[in-house]
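Here the structure is laid out as structure tokens; the discussion comes afterwards.
Each value in this text was obtained by applying a stated rule to the coordinates, not by laboratory testing. These numbers come from a predicted model, not from an experiment. Here the Cβ positions follow ideal geometry from the backbone for every residue, glycine too, while neighbour counts run over all protein chains shown.
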Number of protein chains: 2
Amino acid sequence: MSSTTLPARPNGVDTATLFATLDAVRAQPGLATFQFRATTEWVSGTHNTTTIHGFHGAGGEQTHQRAFTIEADHPAVLVGEDHAPTPAEHLLQALGACLMSGLANIAAARGIDLDGVTAHVEGDIDLLGIFGLDDSVRNGFSGITVTFEVAGDGDPDQLARLVDRAVKRSAVYDVITHGVPVAVRADGRPRS
Amino acid sequence: MSSTTLPARPNGVDTATLFATLDAVRAQPGLATFQFRATTEWVSGTHNTTTIHGFHGAGGEQTHQRAFTIEADHPAVLVGEDHAPTPAEHLLQALGACLMSGLANIAAARGIDLDGVTAHVEGDIDLLGIFGLDDSVRNGFSGITVTFEVAGDGDPDQLARLVDRAVKRSAVYDVITHGVPVAVRADGRPRS
């Protein structure tokens, strides 16, 4: 790959800044210590709203350029009002989005010009688990399948290998396939 | 708990339909077989959009009452344009939302009237992993902490126990703590 043959922002990726960022982190690894945060507020029934604004990283406290809000609910067949996707669907979105963001960066770094990329994410789940009706059934998905279609300026194998690399460098794929310790604390506040 | 003392929709939960749904699934367990789906399309750089509409469950194909779209991006410090939360933040949202939806249903079933519930979700991650700069660092979160504040008509212990039960019946908590097999397929489509 010769940098002189790349457009300034291949696939919309600012590769100069990307490589400069990696150099900066190589020199000062503490810049890579991040904490992401989300605050979920109950609305009514299974409907809730999550706000995402501040995070820690790159050596200090940061904020997104605006506070983002994301809603979740259950559909009517799961006794909700269908204001928004279910939390389980949001998890599939997080996986598809993480692999997709990585793929675009990797393609840019390899000088492969993308025309379009789609990822279909499917998760199978037997709700007997969360319904408490069968203790032998797990609460979560039994399995997830992701199917990518990658169109761009490369041979089929080069394009498919972008997905392999995205999988190897995905935060969400790692969490979903390997699991992470989750500590839950609760503070009950009775009516005064 | 006497059903005559409950409002028609405690905490906005249609408990009559909730219990009828559980009875229907007890009689016909195949109704609990679901598949959730999300389709992620690349936009530019780390920016992508996911559409969630159809799913399988309750014995057939279903659709949400409308197609939901969710965006993801990286912030400027991670070489994105900050159009939306990062995929890692979306994962935290999925966790907070799943625990919250379950908690509201459980409170309704127990006849506990909620005044307000907030969950703070924090995930620590060392990006040396996904940057490919230290093979000893995992790609995903090293740990996640969820802190609930549950205000309602109960003693502090009753309110805190709602969170314990939500954890025990959460699909997303199960996936994130225990992991799930993910199969990834890729189809490369060269320019013609």
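Using the Kirkwood formula over every pair of different C-alpha atoms, what hydrodynamic radius in Å results for chain A? Kindly include the intermediate steps, with their values, before the conclusion.
Numbers: mean 1/r = 0.0503 Å⁻¹.
One over the average 1/r among Cα pairs gives 19.9 Å for chain A.
Can you give the average number of partner chain beta-carbon atoms within 10 Å of each beta-carbon in peptide A:55-68, as a whole number? It would help to have the intermediate numbers written out before the result.
Working: counts 9, 2, 5, 5, 1, 1, 0, 4, 2, 9, 5, 3, 1, 11.
Averaged over the peptide's residues, the number is 4.
Quick one: B:Glu149, B:Glu89, A:Glu61, fewest Cβ neighbours within 10 Å first, how do they rank? Don't skip to the end; give the middle numbers.
Numbers: B:Glu149 16, B:Glu89 25, A:Glu61 10.
By the 10 Å Cβ count, ascending, the order reads A:Glu61, B:Glu149, B:Glu89.
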**Message:** Treating only the Cα positions of the range A:82-192 as identical point scatterers, give the base-10 log of I(q)/I(0) from the Debye formula at each q in 0.15, 0.19, 0.22 Å⁻¹.
**Reply:** -0.78, -1.03, -1.20
**Request:** For A:Asp115, enumerate residues with amide H under 5 Å from its amide H, sequence gap 5+ or separate chain, H modeled in the peptide plane.
**Result:** A:Ala151, A:Gly152, A:Asp153
**Message:** Just to be sure I understand: with springs between alpha-carbon atoms less than 10 Å apart, which residue in A:Ala76, A:Ala160, A:Ala24 has the highest mean-square fluctuation in the Gaussian network model of chain A?
**Reply:** A:Ala76
**Fill in**
Placing each pseudo-label 7 Å from Cα in the direction of the beta carbon, A:His56 and A:Ser44 end up separated by a distance in nanometres of 3.8
**Message:** As a check on your reading of the symmetry: which chain B residue has its Cβ nearest the axis that brings B onto A, and how far is it in Å?
**Reply:** B:Gly179, 2
**Prompt:** Give me the log10 of I(q) over I(0) for the range A:126-173 at q = 0.13, 0.26 Å⁻¹, as the Debye formula computes it from C-alpha points; what are the numbers?
**Reply:** -0.52, -0.94
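Averaged over A:106-114, how many beta carbons belonging to a partner chain fall within 10 Å of each residue's beta carbon? Mind dumping the intermediate values first?
Working: counts 0, 1, 3, 0, 0, 0, 0, 1, 2.
For peptide A:106-114, the averaged partner shielding equals 1.
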**Prompt:** Exposure proxy check: B:Ile125, A:Ile106 ranked by fewest other beta carbons within 10 Å?
**Reply:** A:Ile106, B:Ile125
**Complete:** Taking A:40-50, B:108-118 and ranking on average Cβ neighbours within 10 Å, highest first, one gets A:40-50, B:108-118
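Neighbouring Cβ atoms within 10 Å as the yardstick, rank A:Leu95, A:Leu127, B:Leu92 fewest first.
Working: A:Leu95 32, A:Leu127 22, B:Leu92 28.
Ranked by crowding around the Cβ, least crowded first: A:Leu127, B:Leu92, A:Leu95.
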**Request:** List every DSSP H helix in chain B whose Cα atoms extend 30 Å or more along the helix's own long axis and whose mean Kyte-Doolittle hydropathy is at least 0.0.
**Result:** B:87-110
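For Cα pairs less than 8 Å apart in space and 6+ apart in sequence, what is the mean separation divided by the residue count of chain A, i.e. the relative contact order in percent?
Numbers: 256 pairs, mean separation 29.3, N = 192.
Computed value for chain A: 15 percent relative contact order.
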**Complete:** Within the range B:83-115, the residues whose backbone N lies under 14 Å from a label point placed 7 Å from the Cα of A:Gln28 along the Cα-to-Cβ direction are none
**Request:** For the range A:94-143, state the average projected area of the convex hull of the C-alpha atoms over all orientations, rounded to one decimal in nm².
**Result:** 4.3
**Complete:** Residues whose modelled amide H sits under 5 Å from the amide H of A:Leu127, counting only those 5 or more places away in sequence or on another chain, are B:Thr33, B:Phe34
